[in-house]
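Structure first, then comments.
The values are calculated or read from the model by the stated rules, or taken from the named source; none is laboratory data. These figures come from a predicted structure and were not determined experimentally. So basically every Cβ, Gly included, is an ideal-geometry build from the backbone, and we count neighbours across all protein chains shown. We work out accessible area using only protein heavy atoms, side chains counted, and drop any ligands, DNA or RNA first. Shrake-Rupley method; radii C 1.70, N 1.55, O 1.52, S 1.80 Å.
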Amino acid sequence: MADSHKYRTILLFGMPGSGKGTQGSVLGQLPDLVHVSMGDVFRKIPKYGHYGQQIAHFTSSGALVPDDLTVKIWERHVQILEMQELLLPDQHTLILDGLPRNYLQAERLDHILDVVQIFHLVINDTVKASERLKARALRENRLDDMNEEVIKRRLNTYYEETFKTLSFYPPETVYEVDASLAPLEVLRQIVNRLSEIQQNRLPGRRPSAMSETVG
């Protein structure tokens, strides 16, 4: 992927079941915000194709998809969005969830992601997170998320790999959100923070349509 520009980006971090996809979907409806969920991208790839079989091999056991494959698929997806003019780097802000999933991915994507804010959706009750995953599995037919062993492995992977990725970014970019609350209250916390970004944006930074919209 050409690196002549960087994508202005907001990251959604949190353990499985913390509500990243829910919040990302809502934010993605705002003008000039483009939500990309790597989980959704993976699930849209035909299961019996070359990539689909590789993805299923890892996700069905709760493991992370390898870095090379993840980055390759993400880059291809973003290129398609650009070709369709659904993503215009000069106008849009990316809302990413499910990427980066580990420190190495953060390093590999650093040259093309201008991460301006990270929302860390914190939920300390793993039982509640597991219940959310099971409810979502029934609602969206994600059968893997009904498996207790798979859920346990996914939560362990989050703490062992994904959580540590936050240390790659400057602490001031990380904003913690209480994700144990109702989705609307979680959204309120995020929107309030985005409003603060609008009011206190750094001098010299190009004003974004994102901040104009949220305000």
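For the reader, a short list of remarks on this structure follows.
- When D97, D67 are checked against the criterion of being touching a residue at least 12 places away in the same chain (Cβ under 8 Å) and within 30 Å of V127 (Cβ to Cβ), a single residue qualifies: D97.
- Within region 8-23, the presence of a residue that is without any contact (Cβ under 8 Å) to a residue 60 or more places away in the chain and closer than 22 Å to Y158 by Cα is excluded.
- The single condition from (1) within 25 Å of E196 (Cβ to Cβ); (2) more than 16 Å from the chain's Cα centre (by Cα) that Q117 fails is (2).
- Which listed residue is over 17 Å from Q23 (Cβ atoms), modelled with pLDDT under 90, open to solvent by less than 80 Å² (accessible area, probe 1.4 Å) and in a helix (DSSP H, G or I), from E131, E161: E161
- For first residues located in region 165-185 and at pLDDT 95 or above, partners that are of a type in the set (K, R) and lie 6+ apart or on another chain with Cβ distances below 6 Å form the pairs Y175/R193.
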